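Inspection log for the structure reproduced underneath, given as structure tokens.
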Amino acid sequence: MSDVAVRLGYTSADRSNESFRQTFGLAAIVALAIYLSSQAGFLLRLPQSGIGFVWPPNAVLFVAFLLVPQSWAVVLGAALVGHVVAHTQDGLPVAIQALSFFGNATQAWLAAWLIQRLSGSRLYLADLRTTGIFLGAAVAASSVASLVPATGYVWLGWAADFSAAWWARVLANVITMVILPPVLLLAPSALAELRQKPRRAVEFAAILAGLFLIHAIAFGWTPAAVAGRPALLYAPLPLLLWAAVRFGPFGLAAALTTVAIQWLPNARSSAGVFAGDSPAAAVVSLQAFLFVAGVPLMILAGLAQDRKRSEAALRQSEARKRAILTAIPDLMFLQSADGVYLDYHAKDPTDLLLPAHEFLGKRTEDVLPPDLAARFARAFAHATDDEPSVVRYAIPIRGEMRSYEARIARCDGDHRLTIVQDITERTRAEERLRDSERRYVLAATAARVGVWEWDVASNKIYVDPAIHADLGLRPGQVGPTLDDWLELVHAADRARIRSTLQSGSDGHATAFEYDCRVVHHDGGIRWFHVRGAVVPQDGIGPVRVSGTATDITGRKQTEEALHRAQFELARTGRAAALGELAATIAHEVDQPLCAIVANANACLRWLDDTDGGVQDIREALADVVADANRASEVVRRTRELFRHGPVETTSLEVNSVVREVLALNRARLERGQVEVMADMSDDPLLVQGNRVQLQQVVFNLVTNAVDAMRGMDRVARLEIRTWRERTSIRLSISDTGAGFSPKDAARMFDSFFTTKPDGLGMGLALTRSIVQQHRGKLWAVPRAGGGSVFHVALPMAETNIA
Amino acid sequence: MPEEAIVYIVDDDSSVRTALARLLRSAGLRCQAFPSADEFLRAERRAGPQCLVLDLRLPGTNGLELQRQLAGVERPIPIIFLSGHGDIPVTVRAMKAGASEFLTKPVRDRELLEAIKKALESDRETQRTLIEDARLRSRYDDLTPREREVMQLVVSGLLNKQVAAELGISEKTVKVHRAQVMHKMRAGSLAELVRMADHMPAGARPS
């Protein structure tokens, strides 16, 4: 009660008030119930005996003790009041009253105590166990509690024989316990159930009606036929059995109560089946029947409850299983050990491969192809209760090949439960993944492309096994940091790569590519073409830089060989052309010299011998003069040869000329590891000139710069700038090469002046000659920090100025 | 010197041509100059010792070409090449083809005159040998077939008896033929006959 109060949120003041009212109410109810039930008990008393047929107050007291054990004192007091009032009205002596109250209270309390103690819960008469405990407690409590009153009755002379008194009391009390408390205790839930299920209610009513019918037959309609046939006392037994089995302890107790109420008057009047018996004997017979039939039937009722409960549990579990089956898409088969289909579950019946109505009773080999059926047979043999066999297979279903995975477990002794999962999509996805991985590996292997990924924060770099292989390394031999790998890079390339990667990780560049040299495990140099892309993350910036590295050593070697061949060819060609030129010049000069020498020698002979005439000598000397002049003319013409004749000029854009030359020289610049910085004017820079000659100018200056930077320790950087001034177009090309000394500055544009071991000394002379022909100027200044800057100024084309 | 020597000059450069001719004249040599190979080939050459001063570089038929053509003619001529520059492969080819000398322009007078002198001597010697050969040849042609057979076997070192056995004639007949051969060939001794046989021009030489 108090916990109910707490749950309802009463205040403590309310609670004490409430608790008083409840206690008083409880006491009043108990006292009244004891009083009224005592009156009922007096009515049902045996003729000429103080002991009742049943003693309802005991049932009331027991139920009160059982339901509100914590208020036992209130219950006991109230019961005493009701008892004394009823018994005093009845006129029984006080001693008898006291003895019977003591016996009744003891019995009720003991039974309640035993039940609570043994049942351990508030489940009374719910199943076989609690029913057994109930009956045991009833019998034990009655037996023990009847000892004192029976002894007292005899001592007081109220009863003659102890054992008769004890027996009468025990019998009455046990019957009381069997028929009344179950009705009292279970009525609320049982009646609620009957209200919910009308069919059950009708059934229950039919049982009660049947009992009335039997009673009417036994005592009303044919008294003569039933007279003196005590066996007919058992006529209600089938209906009692029905009630026990179908409606449990409540139904049985209610039916027994009905029987007792119906039959007791007949027993007391020795009517019907009791004809010939004394009323006392008839009542005892009825008691005996109620006891003999009631106790076993109560046990049966408990058993029925058990059964009902387990059936409900089974139904629940069945329902759950059904729900599971409905929810899962897989096929399921239950088969006997030899493969006969006993049951199946299939979302789509076409998965069965046979029409659904033909399916059950078929064997595995009737449904599946022979080889697959054989695999299933083997799997059946290996399947155990806790280790399923697995069969993976593919069969054509609905016109396409589908893959399945069957898991076979043993169940129900020697049956096999098979769950078949459609793994077609999974298998296809796996195959696609495998295919794509294989293609990737194949492509990467074929292209000799290796993958790398650098984690900026940890500085760790993942490098593909393919790259390891290209460098003759075992996986894991180098690393794991970027710096470990940079150690392998050729010293000349290292700083450049570090700064490129740095600009990627700083977020200055999103993608880059470069060629670099890496030292192979065997000490040789391999060329790699490296591409990278920065992988940014929102809010954090670049977190990873990943890319590929391709071994291009073969290509590089080919390129270099080709370049060497081209260079050799050009040099040879140049030398041959020059040799040809020189031979021509030499011949042209040699001829007059030859003549001069011959003439002079002839003169000398004639002068020595005085053989020749003066005329001869004069002629010879005249020829000497002529030939000398001729030789001089040859020399003049040769110089003329180097002077440029008129060339065709057009309006030209200088930036495009520079770009063409850079494009032509890309390979050479890369080979020289030259960083090119082009800072070109956005405006068109128009000059009047000859495209080929101006290309020659840029080409010569670029070549000169690249040559000057060859073999230098510092980074080779070529900077080309173009811009316009007021009346001229300007171009500058700076290099980080060796530069030039003031001594060289004066002569560097002279023909045949060179600082290169294989140079002709013609480049700058020709270049300046071309620039001058374009009415422009070419000059050089030292570059701050080492190197040279060559400047070209060309007059702006007319259109440009306008 | 029974016949006066002559030096031919072929050079397309007239001033060089004139100057060289003047130099040779000053050295007392007779010379004749041509501006091209073809004109030289067309011209009728004189008898007597001679040589050719040839410029390598010529318009039309060049020097080496002319050398090849001259190698096939009846009267060979020693050639002194003049060239503007020392081109070794060309020099080698010219020398292999029998050039007497290879000089570069401008040429030193002493070198040129020395080379000319040598070439003329060599030509004179060649001419003498040619005359001797022609003489031997005409004597040999006078021999009867039998006498040629006998001469051939005798110069190969066989005794009269062996020659007789070889030819199936008597030793006496061999002696007659042998005496006839010695007479016709104007050989004073067997040794002289053997030497004559050795110097006979190819084709006429007894094998």
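Provide the solvent-accessible area of residue A:714, counting protein heavy atoms only and rolling a 1.4 Å probe, rounded to the nearest 10 Å².
Answer for residue A:714: close to 100 Å² accessible.
Probe of 1.4 angstrom, ligands and nucleic acids ignored: what's the accessible area per residue over chain A, in square angstrom?
Normalised by residue count, the accessible surface of chain A is 53 Å².
Given contacts defined as C-alpha pairs under 8 Å and at least six residues apart, what's the relative contact order of chain A, whole-number percent?
The normalised contact order for chain A reaches 5 percent.
Angle, helix A:654-664 long axis vs. longest principal axis of chain A, Cα atoms, 0 to 90°, nearest 10?
On a 0 to 90 degree scale, this one is about 80.
Put +1 on the Cβ of each Lys and Arg and -1 on the Cβ of each Asp and Glu in the protein assembly as shown; which of A:40, A:271, A:191 then has its Cα farthest toward the positive end of the dipole?
Working it through, the farthest residue towards the positive pole turns out to be A:271.
Helix-derived [θ] at 222 nm for chain B: sum -39500 (n - 2.57) over DSSP H runs of at least 4, divide by residue count, nearest 500?
-17500 deg cm²/dmol
Which parts of the stretch B:13-33, residue by residue, lose 20 Å² or more of accessible area when the rest of the protein chains are there, as against the chain isolated (1.4 Å probe)?
Flagged in the stretch B:13-33: B:13, B:15, B:16, B:19, B:22, B:23, B:25, B:26.
So, in Å, what gap is there between the alpha-carbon centers of the stretch A:73-146 and the stretch A:161-184?
Comparing the Cα centres of the stretch A:73-146 and the stretch A:161-184, I get a distance of 11 Å.
If I ignore ligands, DNA and RNA and count only protein heavy atoms, how much of residue A:624 is accessible to a 1.4 Å probe, in Å² to the nearest 10?
Here the accessible area works out near 30 Å².
I'd like to know which of B:66, A:635, A:419 lies farthest towards the positive end of the charge dipole of the protein assembly as shown, counting +1 on Cβ of Lys and Arg and -1 on Cβ of Asp and Glu.
Farthest towards the positive pole: A:419.
For A:594, B:31, what's the largest-to-smallest order of accessible area, 1.4 Å probe?
I get B:31, A:594, largest accessible area first.
Quote the charge dipole size of chain B about the Cα centre in Debye, to the nearest 20; the model charges only the Cβ of Lys and Arg (+1) and of Asp and Glu (-1).
600
Rounding to the nearest 20 debye, state how big the charge dipole of chain A is about its Cα centre with +1 on each Lys and Arg Cβ and -1 on each Asp and Glu Cβ.
The dipole magnitude comes to about 3420 debye.
Straight distance only, please: which aspartates and glutamates reach the Cα of residue B:172 with their own Cα at less than 17 Å, same-chain residues fewer than 8 apart left out?
B:147, B:149
Per-residue counts of other Cβ atoms within 10 Å, averaged by peptide: what ranking do you get for A:520-532, A:266-278, highest first?
A:266-278, A:520-532
Counting only heavy atoms of the protein chains, get the accessible area per residue of the stretch B:27-114 (1.4 Å probe) and round it to a whole Å² value.
Each residue of the stretch B:27-114 exposes 51 Å² on average to a 1.4 Å probe.
In whole Hz, with x marking every Gly and Pro, tabulate ³J(HN,Hα) for the stretch B:49-54 from phi via Karplus 6.51 cos²θ - 1.76 cosθ + 1.60, θ = phi - 60°.
Coupling constants for the stretch B:49-54: x, 7, 8, 10, 9, 10 Hz.
With every protein chain kept in the model, how would you rank A:133, A:29 by accessible area, 1.4 Å probe, largest at the top?
A:29, A:133
Probe radius 1.4 Å, ligands and nucleic acids ignored: give me the carbon and sulfur share of the accessible area of the protein assembly as shown as a rounded percent.
After summing per-atom areas, the C and S share lands at 58 percent.
Could you name the lysines in cross-link range of residue B:175, using Cα to Cα under 22 Å and dropping any fewer than eight places away on the same chain?
Candidates past the 8-residue exclusion: B:161, B:184.
Am I reading the A/B interface right? What is its buried accessible area, both sides, 1.4 Å probe, to the nearest 100 Å²?
1800
Could you work out the mean count of beta carbons from other protein chains within 10 Å of each residue's beta carbon in B:106-114?
4
What value, in deg cm²/dmol to 500, does the helix sum -39500 (n - 2.57) over DSSP H runs of n ≥ 4 give at 222 nm once divided by the residues of chain A?
Result for chain A, helices only: -20000 deg cm²/dmol.
Can you give me the solvent accessible area of residue A:712 with a 1.4 Å probe, rounded to the nearest 10 Å²?
60
Per residue of B:71-84, count partner chain C-beta atoms within 10 Å of its C-beta, then hand back the mean as an integer.
Counting Cβ atoms of other protein chains within 10 Å of each residue's Cβ and averaging gives 1.
Quick check: Cα centre of the stretch B:1-79 to Cα centre of the stretch B:145-186, how many Å?
Taking the Cα centre of the stretch B:145-186 as reference, the centre of the stretch B:1-79 is 48 Å away.
The values are calculated or read from the model by the stated rules, or taken from the named source; none is laboratory data. In this text the structure is predicted, and so the values were computed from the model without any measurement. So basically every Cβ, Gly included, is an ideal-geometry build from the backbone, and we count neighbours across all protein chains shown. To get the accessible areas, we keep the full protein, side chains included, count just its heavy atoms, and leave off ligands, DNA and RNA. Shrake-Rupley method; radii C 1.70, N 1.55, O 1.52, S 1.80 Å.
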